[in-house]
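First comes the structure, then the notes that go with it.
The values are calculated or read from the model by the stated rules, or taken from the named source; none is laboratory data. Being a predicted model, the structure only gives us computed values, none of them experimental. When we count neighbours, we look across all protein chains shown, and the Cβ atoms used for this are built from the backbone with ideal geometry, even at glycine. Side chains included, ligands, DNA and RNA excluded: accessible areas come from the protein's heavy atoms. Shrake-Rupley method; radii C 1.70, N 1.55, O 1.52, S 1.80 Å.
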Amino acid sequence: MPADRDDPNVRRSLVPPAAGRSLWLASAWTGIGAALVGAVVAIAVVAVCWLPASGVSGNGGSAVRGGLLTFLAALHAGITLDGVPSAFLPLGLTMLAGLIAWRAGAGLADAANELGEEDPGRLARAGAVQAGGFGLACALLAGFATLGTTRVSVVGAALAGVILFAITGGVAFVRFTALADALAERAPSWLAPGVRIAVAVTAVYLAAGAVLVAGAMIVHHDRVEALSHEVGGGWSGVPILLLGVLAAPNAVIAGGSYLAGPGFAVGSGSGVGVDSTVHGTLPAFPVLGALPSGPGATPAGWVLVVLTPILAGCCVAALARRAETWALCWRDAIVGLAGAGLLGGLLAWQGGGGIGTGRLSAVGASPWQLGLAVPIGTGAVAAVVLAALAGIVALRSRQDDDEATQSPLSLVRSTLSRAAGGTKEDKLAG
């Protein structure tokens, strides 16, 4: 039987014995250590990709600073590249940083459980110390990570680090400690079903977006290969390939927005939607070779456009139907749809952005448009399904009431009549 990775006995402890004797030392150790681990990983990757391709012009100091800038950019702190501000980054980097933070939060939870800490107040303060240590370490790294005119704001790195750690490592820490039960007792009754519905709807759109992107890459593989050859072969093409893999989550979010209706931008004054596609000259980035070039969606694309909100709406109805009453059912559906809109807007904000103030100043899906399109399209389907279910339940309830109001003798007669093929009067009438 495979081991359960959520079991603290299976996870390798991240806290050394010296720091594990105190909850506060463990919090600071895991918070600062997570930032250092992320920085070291980024430095190693940049050194492997950059130094062989740069030849004699490369040096270790630049690789270290480039790795630090890569890690800090992954926090979505905002980076200035050669004097040009950039708000777009491959979300694969952010996901890797989030995984490191999640592991650190789980490690602190293990240490807290070993110390027997169950007081919600002390645990909450320990989580705050951990997130603060991560943010402080990111701020210190940002002060050192300057490569020419490329830099990351110290304040931005600190704030982005705290936020990212709170929603990844903080969630892991809460999940594996007594804080989970404490928060569950205080949470309103609509929160849990609403979150389940919101996550399910978002997952449907992301899964459909992934199918769309994969299909587009296959259909337009010739253009993707041509762009790959243009950026160079050999080891110099490895960084571009790596960036393409890390930008896959951005493409999936854009695909979900395409299926939801608003589409997405690939530069100022351009857009890709189900009804039309308008874009000019694009950068030589292989992933962009999968962009459609026709006047609208293909037949296969229209099938996905239609099926995605239907499947998402059915998920809403199925999850909301678990409520005890129809009033609570509609409440959960509305809360879940609102949550799906918030998640969609957040993902569009993280997956898009811009590079400078010129041609690529607008890239990705519009947060407010996607945040409205997802609950509207999904809600329309969910309302129809829930109304149909309510009608079926009401009809069955009325039939049950009619049978219940009949006397026992009449019920026996009607049953025997149906079994005998009808009453004598019915046969004479026939």
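Take the Cβ-Cβ distance between Ala18 and Ala327 as r, set R0 to 51 Å, and report the resulting FRET efficiency rounded to the nearest 0.05.
0.35
Pull up all non-local amide H partners of Ser361: gap of 5 or more, or a different chain, and H-to-H distance under 5 Å with H placed in the peptide plane.
Answer set, sorted by chain and number: Ser268, Ile355.
For Ser293, tell me the accessible area in Å² from a 1.4 Å probe, rounded to the nearest 10.
80
Ignoring any ligand, DNA or RNA, what whole percent of the accessible area of segment 37-145 comes from carbon and sulfur when the probe is 1.4 angstrom?
So the carbon and sulfur contribution to the accessible surface is 70 percent.
Where the accessible area of segment 337-395 is counted over protein heavy atoms with a 1.4 Å probe, how much of it, in %, is carbon and sulfur? Show your work: numbers first, answer last.
On the way: 2240 of 2710 Å².
Carbon and sulfur together cover 83 percent of it.
Leaving out ligands and nucleic acids, and using a 1.4 Å probe, what accessible area per residue does segment 16-153 come to in Å²?
Values: 6030 Å² over 138 residues.
I get 44 Å² per residue for this part.
Pull out the extension gain between Val219 and Arg125, defined as 0.36 nm times the separation in residues minus the alpha carbon to alpha carbon distance; nm, one decimal. Write out the running numbers ahead of the final one.
Working: separation 94, 0.36 × 94 = 33.84 nm, distance 5.23 nm.
Extra length from Val219 to Arg125 when fully extended: 28.6 nm.
Which far-off residues, 5 or more places away or on another chain, put their amide H under 5 Å from the one on Ile79, with H placed in the peptide plane?
Under 5 Å from the amide H of Ile79: Ser86.
What list of ³J(HN,Hα) values in whole Hz, one per residue of segment 345-350 in order, does the Karplus curve 6.51 cos²θ - 1.76 cosθ + 1.60 (θ = phi - 60°) give from phi, with Gly and Pro shown as x?
x, 5, 5, 5, 5, 6
What is the calculated FRET efficiency for Val40 to Glu230, with r their C-beta to C-beta distance and R₀ = 41 Å, to the nearest 0.05?
Details: r = 33 Å, r/R0 = 0.81.
That gives a FRET efficiency of 0.80.
Nearest 0.05, what FRET efficiency do Ser276 and Val384 give at R0 = 30 Å with Cβ-Cβ as r?
0.60
Can you list which of the chymotrypsin sites (Phe, Trp or Tyr not before Pro) found in segment 121-191 are DSSP loop residues with at most 11 other C-beta atoms within 10 Å?
none
What are the ³J(HN,Hα) values, in whole Hz, obtained from phi via the Karplus relation 6.51 cos²θ - 1.76 cosθ + 1.60 with θ = phi - 60°, for each residue of segment 213-219 in sequence order, with x given for Gly and Pro?
With the stated coefficients, segment 213-219 comes to 5, 4, x, 5, 5, 6, 5 Hz.
Could you check the spin-label model distance between Arg398 and Ala318? Points 7 Å from the Cα along Cα→Cβ, value in nm.
2.9
Using the Karplus equation 6.51 cos²θ - 1.76 cosθ + 1.60 (θ = phi - 60°), what ³J(HN,Hα) coupling, rounded to whole Hz, does each residue of segment 251-264 give in order, writing x for Gly and Pro?
5, 5, 5, 4, x, x, 5, 4, 6, 6, x, x, x, 7
Sort 36-47, 97-108, 250-261, 214-225 for me by packing, meaning the mean count of neighbouring Cβ atoms within 10 Å per residue, highest on top.
250-261, 97-108, 36-47, 214-225
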